[in-house]
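Below is one structure, written out as C-alpha cells, with a few remarks after it.
The values are calculated or read from the model by the stated rules, or taken from the named source; none is laboratory data. Computed from a predicted structure; not experimentally measured. Because the Cβ atoms are built from the backbone with ideal geometry, glycine has one as well, and the counts that use them run over all protein chains shown. Side chains are part of the model used for accessible areas, which takes the heavy atoms of the whole protein and leaves out ligands, DNA and RNA. Shrake-Rupley method; radii C 1.70, N 1.55, O 1.52, S 1.80 Å.
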Amino acid sequence: MKILAIESTCDETSAAVVESLGDGVRVISNIVASSVEMHEKYGGIVPEVAAREQIKSIIPVITKAVGDEEIEAVAVSYGPGLMGSLLVGVETAKVLAWAWKKPLLKVNHMAAHVMANWILRHPPEVLGTGAQDRSITESNTVSQLHEVPGLPAVGLIVSGGHTDLILMENMQKWTWIGGTRDDAAGEAFDKAARILGLPYPGGPEMDKAANKVTNEEWDKYKNLFKLPRPLIHDPGLEMSFSGIKAAVARMVENRYQISDVRSQISDNNFRNLVAREFSEAVAEVLVMKTILAIERYHPKSVVLAGGVAANNKLREALKQEVEMAGLSFRVPELKYCGDNAAMVGVAAILRPEKSELNLKPDPSLATV
Ligand code: KG4
Ligand code: ZN
C-alpha cells in the first residue's frame, strides 16, 4: 500500500510517498521545503511567517512527492506543533482524502520521529563505501536491507520542544518513562548558541563549532570550560537542561572579569570550546539517563530520534555505550532526523490510527 504522508507542524513543509516492505517501510519520495532562513533574523520561529510559508509550499511539495504514484491513503501529522502550520497540513490532507475517496490516517509528530528508525536502508557492506545514502530501488530484496530495531526498545526523543524517554513494548504499547522537567535538549542548544552569537537554528551551528576543536586543544583547555551535568547522579529518569544554558551565559560574562587563560583565547576558539563542552555535557546527561533506562527496563534495542539526533557527539556517545551494554542501537540517517514526511508515512503504516474527515490539529499533543 502506497501512502502519501504530509508534515507541516513547524517550519518545514514536507510530503512523502512510502510503502511497507517486510517489517519496515521503503521511502519512494521525500520532499522537504523549509522556511528556516526567514526566521534567522528573528532568532527563532515566527509562527505567522511559518504558517504563511506552509500555505505557499504545500501544493508544490505534494505534487513533486506524488509524481505518477497511485496513492491508497493519506497520512498527516496533527500535533504537537504550531497551530497555524498544523492547520495547513491537516486541512490539505482532509481535502485530498475526501477528493480521492481514500482513508485519512492521523499521526503524532513525536511518534513519527521515533518511527524514522523503521525506514529501510542498505547496510554499508551491500552498497560499498561512500554510497550509504543511495535510495532503495524496486529490485532490492528485504534480505539486503538493515533489520528493523528489535522490541521492546527504549526510545530517546530529542527535539526542539521535547526530550522524552519512552518504553516501546510493541508497536501499540508505548509508555513515557522519563524526560526533561524544563528546557528540551534542542531548545537548550538553540539558546546556548544565541548566547554565543551563533545564528538560528543554533543546534547544527553548535555541532559544527564543537567539531572544530581538535583533540589536542580539547585536552589542553577542557578543565577551564567545565559546565554542570544537571541530575546526572540522580537515580531517576528526570532531566534538566536550563541550568547548563544559564552556566554558558555566566561563562561568557565572566570571560574578561577574571584574568585567566580563557581571556587570551581568540573569540572563535573560545566559542568553539564552549560549544564542545556544552555538547559533551548534554550528551553525557542523555547517555547516562538512557543507560539507567536500559538497566531498569531491559530492552533489546535503543532508538534515538528527533532533530538533536543529528548531533555528532550524541550519536557517537550513545552508540558506543548502548553497544557496550550488548544492545543494538539505531538512529535515522541525517535526512530523517529533522522534520520530514517520510517518518509520518512510516508511523501511519506501522502504528495506524484511522481518522475521520473532521480531524482537528492538536498543538499540545504529548508523545505517548
Ligand atoms: O525535531 P526537530 O527538527 O523539530 C522539532 O520537532 O522540534 O528538532 C529541531 C531541533 C532544534 O532545536 C535544532 O537546533 C536541533 O533540533 N538540532 C540539533 C542539531 N540539528 C538540529 N541540535 C544539536 N546538534 C545538531 N546537529
Ligand atoms: Zn520534529
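Looking at (1) at pLDDT below 95; (2) open to solvent by 20 Å² or more (accessible area, probe 1.4 Å), which is the only condition Thr180 fails? So the condition that Thr180 fails would be (1).
In segment 27-39, the residues that are part of a helix (DSSP H, G or I) reach residues that are open to solvent by less than 40 Å² (accessible area, probe 1.4 Å) with C-beta atoms within less than 7 angstrom, at least six apart or across chains, in these pairs: Val36/Asp11; Met38/Val49; Met38/Glu53; His39/Asp11; His39/Val46; His39/Val49.
Only one of the numbered conditions (1) away from ligand 2 (no atom under 16 Å from the Cβ); (2) at negative phi; (3) open to solvent by less than 60 Å² (accessible area, probe 1.4 Å) is violated by Gly43, and that is (2).
Within segment 328-363, the set of residues being more than 16 Å from ligand 2 (Cβ to nearest atom), open to solvent by less than 30 Å² (accessible area, probe 1.4 Å) and touching a Ser or Thr at 6+ places or on another chain (Cβ under 8 Å) comprises Phe329 only.
Pull up segment 190-231, narrow it to residues that are basic (Lys, Arg) and more than 18 Å from the chain's Cα centre (by Cα), then point me to the one that is farthest from ligand 1 (Cβ to nearest atom). Taking the candidates together, the pick is Lys220.
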